[in-house]
Amino acid sequence: MEENEEVNEVPEEDQGNGQEALTRVTGMYKDWFLDYASYVILERAVPAIEDGFKPVQRRIMHALKELDDGRYNKVANVVGHTMQYHPHGDASIADAMVQIGQKELLIDTQGNWGNILTGDGAAASRYIEARLSKFALEVVFSPKITDWQSSYDGRKKEPVNLPVKFPLLLAQGAEGIAVGLSTKILPHNFNEIIDGSIKHLKGQR
């Protein structure tokens, strides 16, 4: 089949004879691939500029907030709670949570979380613990101004975006590969981000 072949349908006069309209593969490819690419970009791989989180990261933070009582939680427990919102499996959730914890900004960790400098991996999720850092509790959450949506199975409500009061996308950095699009943002200097945020709030440049 030629790549530039157009979609051909059975003429209307022939459809009345019990024949169905035919859509060639090229037509299906154009429609379905765009839907697939949009899903991977928006729902999996690339962080939102509004709060700096990928969907799995946002759901982990939401789960940690629901579980928060000031004490540490087993990461395995947090992963299980997050699965109410994230339909892509426990391994992807655990890996994403370790990546957040290793940045030592949003999650207060306990146990062997690995080392990004030596390449050592974290211990299994049943052996390590986590809770929200004081910084995260201060700047990430504000339920009254949060827009909510139904979770994938309709049983729960999850945030569309978290009302973050700090440019986390710059502070944490981001990396992701989607379909036809990728992102790689290196972490910026924390003190310089604070200085820039203050100037922005004052209307300076």
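Taken together, the values in this text are just the output of simple stated rules run on the coordinates, not laboratory data. In this text the structure is predicted, and so the values were computed from the model without any measurement. Positions of Cβ are backbone-derived with ideal geometry, glycine not excepted, and every protein chain shown enters the neighbour counts.
Remarks
- A dipole drawn for the stretch 46-201 from +1 and -1 charges on Cβ atoms has a positive end, and of Ile145, Ile128, Pro47 the residue lying farthest that way is Ile145.
- Potential lengthening between His200 and Ile116 on full extension [0.36 nm per residue; Cα-Cα distance subtracted]: 27.0 nm
- Among Val140, Val46, sorting on how many other beta-carbon atoms sit within 10 Å of each Cβ, with the fewest leading, yields Val46, Val140.
- For Val56, net neighbour charge (Lys/Arg +1, Asp/Glu -1) across residues whose Cβ lies under 10 Å away: +2
- Count Lys and Arg as plus one, Asp and Glu as minus one, and take only other residues whose Cβ is under 14 Å from that of Asn115; the net charge is then -1.
- Surrounding net charge for Ala37, when Lys and Arg each add one and Asp and Glu each subtract one, Cβ distance under 15 Å: -1
- From the coordinates of this entry, percent of Cα pairs over 29 Å apart is computed, and it appears in [x] 21; [y] 17; [z] 38 under the label [z].
- For the pair Ile145 and Ala21, the difference between a 0.36 nm per residue extended length and the Cα-Cα distance amounts to 39.8 nm.
- If the chain linking Leu67 and Asp35 were pulled fully straight, counting 0.36 nm for each residue of separation and taking away their Cα-Cα distance, it would gain 8.1 nm.
- Calculated FRET efficiency for the pair Met28/Arg126, C-beta based, R₀ 35 Å, to 0.05: 0.20
- If R0 equals 25 Å, the separation of the Cβ atoms of Lys156 and Ile49 corresponds to a calculated FRET efficiency of about 0.50.
- Each residue, Asn189 and Glu138, gets one label point 7 Å from its Cα in the Cβ direction; the gap between the two is 2.1 nm.
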